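The values are calculated or read from the model by the stated rules, or taken from the named source; none is laboratory data. Note that the structure is predicted; figures quoted are calculated from it, not measured. Neighbour counts are summed over all protein chains in view; Cβ atoms, including those assigned to glycine, are modelled from backbone coordinates with ideal geometry.
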């Protein structure tokens, strides 16, 4: 009897999970479906079966080459993530293993920078970029993205590092490991799941960042967010083309997320049982 | 052998020198059909000017506006040519942010630009932006439904006629709304329509001393008429409809009438996109017999920021893109109907264009019926038909737009919306130093 109830519960839970997942994924799915419609089909109300035309994709590619934007997106998201990890691992290490009474305040302060609307600092940042010749440069934008995501990276790593017993690091120290050896050879390998999920999340955040990537670039450093933006039109219905551009822009990150979902979920729930 | 090497060397050197000489200009633009077409046709320009390379940055209208405003205000120098509208040109020109266009070339024929448009793009008699395409607004209506209603649309209808026709055309059972109008909040969305409409009701944003006028009976009449009309004959959820939403409704046969940009005519009459392509008629925007019609005036124009290092190349490009030659180029490649409308008188005198674009005459008449320097029945201290050309207008216009959109959605009454609009405008004008 108990077993039957469990199975029933399981079925309900699975069905509920599928429904929720489908609801969350539906807008993306509909974008993908719309990208295979003609412009006329796209505006003709709700329809899940497209005619399967690739017309929009070829027009999008013709109008503004996809690969230049794609290359910039990869460079910016991976570059800013690597930079962020280089800065955040030592920072999180010090806060997790040698906290002071101000550590919590510092963490809060770091997070508080995320609470300010980005547009509030648009002009100062724009002027700094202009004066240092960084407008429309990949280096400038990589640093910018690194700075934006740094608070989240430090916070995540801090949480993971706290799960690692300090005694192991002490033991390493007893064996004569230097500070860097301790971080690189002892801490980092133990925190691989945490670092990997932080990395994946940061790549996704940097990939989707649309405020600064559009406002600080023109042509050279423009990533896929600028590519999508160029297909949004206030006068004229180009939904199929916009959907094709969006699908092309999200496809790489969607595929990456699919293959690394185990790692991502494991990292995100790391320490959650405590 | 030596000679061969020398020749090769010289050739490479000259190629390098040429490459170094080639100037690249960056053009910021919007993703509208005419602009996209221009990007496809730039070979014609680069063939004639091999030393100029063109880089395009296409952005969504609001993002573009923010980007170019940031850049020009900080003298960022990211763009050499900017696509801006009739709202920005007078403000930016007065700030000396734009270069006057006085080297457009001998055969450019500045006088051919439609006077109403040229007036909106000039300050102190100097042209600061060249119009790429211009638009006004007018009534697009379904001839078949009008006939069914037993009415005949006059060339210059009144608001009362529009109301009467909308009431008769509305057929909810068959999904037909008598009239579709903008309701989505925004200074360039519902406020473009409502400001132009209010001109025909004798209303104005400010009196000669910059005192807001939302507490006056003319605004009450405007907003009440609009809300009543939309409640009786407008589509469901009208308060979130902008140009594109109404375009989709009209193309699918769900609107009897639609009062919006003249540029929409080419979309609704396109049989590939519109179910009602062969049933559309056009008329001037309505009036109330007060001497002003409810139509606006806008021109997407190309301007050169004062901070550019490549002014000459930029002006060459602007001259090419807004020339008579460009119109002929588009006509030869894609037909006369696709030539950017609303900028040159010569286009409207061209019999081939008149034949290809049945809405041509009505578009020109609509543009000519708008006067940006004297937009209202009573005198005003500002320029602009559907906007007030002051920097504060973007923020204030959007705030008022939200209030009016809420009134349309039934979240507040017309009186409340007007009172709040009056308060918001008074605060903004006082803060801006207009009201002492």
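For residue B:299, the stated conditions hold: it is touching a helix residue (DSSP H, G or I) at 6+ places or on another chain (Cβ under 6 Å) and either within 14 Å of another protein chain (Cβ to nearest Cβ) or at pLDDT below 95 (or both).
For residue A:49, the conditions (1) under 29 Å from the mean Cα position of the chain (by Cα); (2) surrounded by fewer than 10 Cβ atoms within 10 Å (Cβ to Cβ) all hold with the exception of (1).
The condition of being at the interface with another protein chain (Cβ under 8 Å from one of its Cβ atoms) and either part of a helix (DSSP H, G or I) or farther than 30 Å from residue B:187 by Cα (or both) holds for only one of B:39, B:78, that being B:39. Kindly indicate whether residue B:146 is away from chain A (no Cβ under 14 Å) and modelled with pLDDT of 95 or more. It is true that residue B:146 is away from chain A (no Cβ under 14 Å) and modelled with pLDDT of 95 or more.
Would you say residue B:86 is buried (at least 18 other Cβ atoms within 10 Å of the Cβ) and within 14 Å of another protein chain (Cβ to nearest Cβ)? No: the conditions fail for residue B:86. Select from the stretch B:66-75 the residues that are at the interface with chain A (Cβ under 10 Å from one of its Cβ atoms) and either free of Cβ contacts under 8 Å to residues at least 60 places away in the same chain or not in a loop (DSSP other than H, G, I, E, B) (or both) and list them in ascending order. Matches in the stretch B:66-75: B:66, B:67, B:70, B:71, B:73, B:74.
Checking each residue in the stretch B:42-64 for being more than 8 Å from every other protein chain (Cβ to nearest Cβ), touching a strand residue (DSSP E or B) at 6+ places or on another chain (Cβ under 8 Å) and in contact (Cβ under 8 Å) with a residue 24 or more places away in the chain picks out B:45, B:51, B:52, B:53, B:54, B:64.
Taken together, A:178, A:260 contain a single residue that is more than 16 Å from residue A:88 (Cα to Cα) and free of Cβ contacts under 8 Å to residues at least 40 places away in the same chain, which is A:178. Of all positions in the stretch A:52-67, at least one carries a residue that is within 14 Å of another protein chain (Cβ to nearest Cβ), touching a residue at least 40 places away in the same chain (Cβ under 8 Å) and not in a helix (DSSP H, G or I).
Filtering the stretch A:125-143 to residues that are more than 25 Å from the chain's Cα centre (by Cα), more than 10 Å from chain B (Cβ to nearest Cβ) and part of a helix (DSSP H, G or I) leaves only A:128.
Conditions tested, residue by residue: (1) within 14 Å of chain B (Cβ to nearest Cβ); (2) at pLDDT below 85; (3) under 24 Å from the mean Cα position of the chain (by Cα).
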| site | (1), (2), (3) |
| --- | --- |
| A:165 | no, no, no |
| A:189 | no, no, yes |
| A:221 | yes, no, yes |
| A:234 | yes, yes, no |
| A:263 | no, yes, yes |
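Considering A:249, A:196, the condition of being buried (at least 22 other Cβ atoms within 10 Å of the Cβ), in contact with a helix residue (DSSP H, G or I) (Cβ under 6 Å, 6 or more places away or on another chain) and in a helix (DSSP H, G or I) is satisfied by A:249 alone. Can you find a residue in the stretch B:248-258 that is in contact with a helix residue (DSSP H, G or I) (Cβ under 7 Å, 6 or more places away or on another chain), under 18 Å from residue B:396 (Cβ atoms) and not in a loop (DSSP other than H, G, I, E, B)? Scanning the stretch B:248-258, I find no residue that is in contact with a helix residue (DSSP H, G or I) (Cβ under 7 Å, 6 or more places away or on another chain), under 18 Å from residue B:396 (Cβ atoms) and not in a loop (DSSP other than H, G, I, E, B), so the answer is no. Entry remark, the stretch B:414-432: residues being surrounded by 14 or more Cβ atoms within 10 Å (Cβ to Cβ) and without any contact (Cβ under 8 Å) to a residue 40 or more places away in the chain number 5 in total.
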